[in-house]
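Colleague: Take this structure, written in structure tokens, and hold onto it; I'll ask about it next.
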Amino acid sequence: MRFILLFIVLWSSISQAKLLDKITVIVDDKAFTESQIQRVLTTLKTRKEISPQIYNEDLKRSEIVNIFINRILIKEKLKEMGYIIGDDQVEAQIGQTEKRLRLNRATFIEFLSRNNLKFDEYFEIIRETIEYNVFISRIIQPMISITEQEIKNSFFKTHSKDKTFTFKYNLVDFSIPKSSINREDLNSFQEIMEKYQQSGVLPPQFSSVQTNVLGEVTEEFINKDLIEALKVTEEGKFSRPILIGKEYHVFFVKKKDLMESELFNRGKNKIRAELFNQKSKDMKKVWFQREENKHFIKKFL
């Protein structure tokens, strides 16, 4: 009877434990529970301050599960490459933080506690952040290329309506008599020239197109309509059609530079970082999807 009673008590305890916690996701031989997800949610603000590249205040439950999965995928890949972030490396970085804040270990632990975080949680967030930064620099960054033209195009797009900027261009002019082109063909003039650039072939209705290499031109020598069209045209692209006299013109912008480039030079690094962040989002998504196929992953959401 006492055995049966003890069994009932144990079963009740186990049942309650199952209700309180459950496995939410399995990655190979690692399991993450519902309580771990809830703990991240309750400490999300602090985690974002410590590691904003990984955590975000508006993360949803499913996105936290993905963070757990990605953490394992990153760790396993770095291990393959010989990068293992040990306790000593984490401890060294924490020591630098304590020195910067002028805190000893005891007061630092108190500081974390006031922000609802345990020291061992902070320790693993720092490890996770170091691993993530190595992942970005050693795996993602080499797969991303950002050209000077992309930086220029991004800058020009942002400042296309700024009247204080003047540009110089290297242009090739493609023109066709107004009398020999109808409205439908005019709408496709820019697209036809883009195709012509690739194929060297023009449709019959554009056989009268004339080409004129203008070379370097500054805004002081071109009319207002053309200036407006060229300011919104990226380097390496064709402008929209412009009526000049009795001819429609499309201009190929071989090169586009600011006459006064100090502002551009000051902003280059920021633009490069923004472009890298945009491209890295897509690259990371592709990388994680590919890596997931190499592992056993089971979600219980």
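The values are calculated or read from the model by the stated rules, or taken from the named source; none is laboratory data. Computed from a predicted structure; not experimentally measured. Note that we place each Cβ from the backbone using ideal geometry, even for glycine, and neighbour counts take in every protein chain shown. Remember, those area values only see protein heavy atoms, side chains included, never the ligands or the DNA or RNA. Shrake-Rupley method; radii C 1.70, N 1.55, O 1.52, S 1.80 Å.
Colleague: What helices (runs of 4 or more DSSP H), lying completely within the stretch 118-206, carry at least 2 residues that are open to solvent by 20 Å² or more (accessible area, probe 1.4 Å) and more than 30 Å from M81 (Cα to Cα)? If you could, list the steps in order and put the result at the bottom.
Modeller: Working: elements: 119-135, 148-158, 183-187, 189-199.
The qualifying helices (runs of 4 or more DSSP H) are 148-158, 183-187, 189-199.
Colleague: Search the stretch 31-45 for residues that are under 14 Å from N115 (Cα atoms) and free of Cβ contacts under 8 Å to residues at least 60 places away in the same chain and pair each with any residue that is part of a helix (DSSP H, G or I) and of a type in the set (G, A, S) when their beta-carbon atoms are under 9 Å apart and the residues are at least 6 apart or on different chains.
Modeller: none
Colleague: So, one more: When both residues are 6+ apart or on different chains and their Cβ atoms are under 7 Å apart, which pairs have a first residue that lies in the stretch 254-275 and is closer than 13 Å to K157 by Cβ, and a second that is aromatic (F, W, Y)?
Modeller: K256/F156; K256/F167; K256/Y169; F264/F155; G267/F155; I271/F155
Colleague: Shifting gears a bit: Suppose we keep only residues that are touching a His at 6+ places or on another chain (Cβ under 9 Å) and not charged (D, E, K, R) within the stretch 230-245. Which one would you say is most open to solvent (accessible area, probe 1.4 Å)?
Modeller: L243
Colleague: Can Q16 be described as modelled with pLDDT under 90 and either at negative phi or not acidic (D, E) (or both)? Steps first, please.
Modeller: Working: modelled with pLDDT under 90: yes; either at negative phi or not acidic (D, E) (or both): yes.
Criteria met by Q16.
Colleague: For the stretch 18-48, what are the residues that are more than 29 Å from the chain's Cα centre (by Cα), under 23 Å from I126 (Cα atoms) and part of a helix (DSSP H, G or I)?
Modeller: Answer for the stretch 18-48, where residues must be more than 29 Å from the chain's Cα centre (by Cα), under 23 Å from I126 (Cα atoms) and part of a helix (DSSP H, G or I): E34, S35.
Colleague: Please go through the stretch 132-144 and give me each residue that is of a type outside the set (A, V, I, L, M) and in contact with a Phe, Trp or Tyr (Cβ under 8 Å, 6 or more places away or on another chain), ordered by number. It would help to see each step written out before you state the result.
Modeller: In the first step, residues of the stretch 132-144 are kept if they are of a type outside the set (A, V, I, L, M); the result is 132-133, 135, 137-138, 141-142.
Of everything in the stretch 132-144, those that are of a type outside the set (A, V, I, L, M) and in contact with a Phe, Trp or Tyr (Cβ under 8 Å, 6 or more places away or on another chain) turn out to be R138, Q141.
Colleague: Do you know which of the residues in the stretch 250-291 that are hydrophobic (A, V, I, L, M, F, W, C) and closer than 20 Å to N170 by Cα is surrounded by the most Cβ atoms within 10 Å (Cβ to Cβ)?
Modeller: Step one: filter the stretch 250-291 for residues hydrophobic (A, V, I, L, M, F, W, C), giving 250-253, 258-259, 263-264, 271, 273, 275-276, 283, 286-288.
The next check asks that each one be closer than 20 Å to N170 by Cα; those that pass are 250-253, 258-259, 264.
Numbers: V250: 24, F251: 27, F252: 22, V253: 20, L258: 17, M259: 11, F264: 17.
Across the stretch 250-291, the extreme among qualifying residues is F251.
Colleague: Take the stretch 95-143 and flag every residue that is touching a Lys or Arg at 6+ places or on another chain (Cβ under 9 Å), among the β-branched types (V, I, T) and more than 28 Å from K285 (Cβ to Cβ).
Modeller: Passing the criteria: only I109.
Colleague: Then there's this: Using beta carbons and a limit of 7 Å, which pairs, at least six apart or on different chains, have the first residue in the stretch 183-194 and on the phi < 0 side of the Ramachandran plot and the second one open to solvent by less than 30 Å² (accessible area, probe 1.4 Å) and part of a helix (DSSP H, G or I)?
Modeller: As it stands, the answer is I192/F206, since those pairs meet every condition given.
Colleague: What's the total number of residues in the stretch 121-178 that are polar (S, T, N, Q) and either farther than 30 Å from E291 by Cα or at pLDDT below 85 (or both)?
Modeller: Here is the first cut: in the stretch 121-178, the residues polar (S, T, N, Q) are 129, 133, 137, 141, 145, 147, 149, 153-154, 158, 160, 164, 166, 170, 175.
So of that shortlist, the ones also either farther than 30 Å from E291 by Cα or at pLDDT below 85 (or both) come out as 149, 153-154, 158, 160, 164, 166, 170, 175.
Selection size over the stretch 121-178: 9.
Colleague: Identify all residues within the stretch 215-252 that are of a type in the set (V, I, T), more than 28 Å from the chain's Cα centre (by Cα) and under 17 Å from H159 (Cα atoms); write none if there are none. Can you show your working first?
Modeller: Step one: list which residues in the stretch 215-252 are of a type in the set (V, I, T), which gives 217-218, 222, 227, 232-233, 242, 244, 250.
From what's left, more than 28 Å from the chain's Cα centre (by Cα): 217-218, 222, 227, 242, 244, 250.
Once the filter is applied, which keeps residues that are of a type in the set (V, I, T), more than 28 Å from the chain's Cα centre (by Cα) and under 17 Å from H159 (Cα atoms), the stretch 215-252 yields only I227.
Colleague: Checking the conditions here, which among L73, L112 is in contact with a strand residue (DSSP E or B) (Cβ under 8 Å, 6 or more places away or on another chain) and in a helix (DSSP H, G or I)? Reasoning before the result, please.
Modeller: Numbers: L112 fails: in contact with a strand residue (DSSP E or B) (Cβ under 8 Å, 6 or more places away or on another chain).
L73 is the lone residue from the list that is in contact with a strand residue (DSSP E or B) (Cβ under 8 Å, 6 or more places away or on another chain) and in a helix (DSSP H, G or I).
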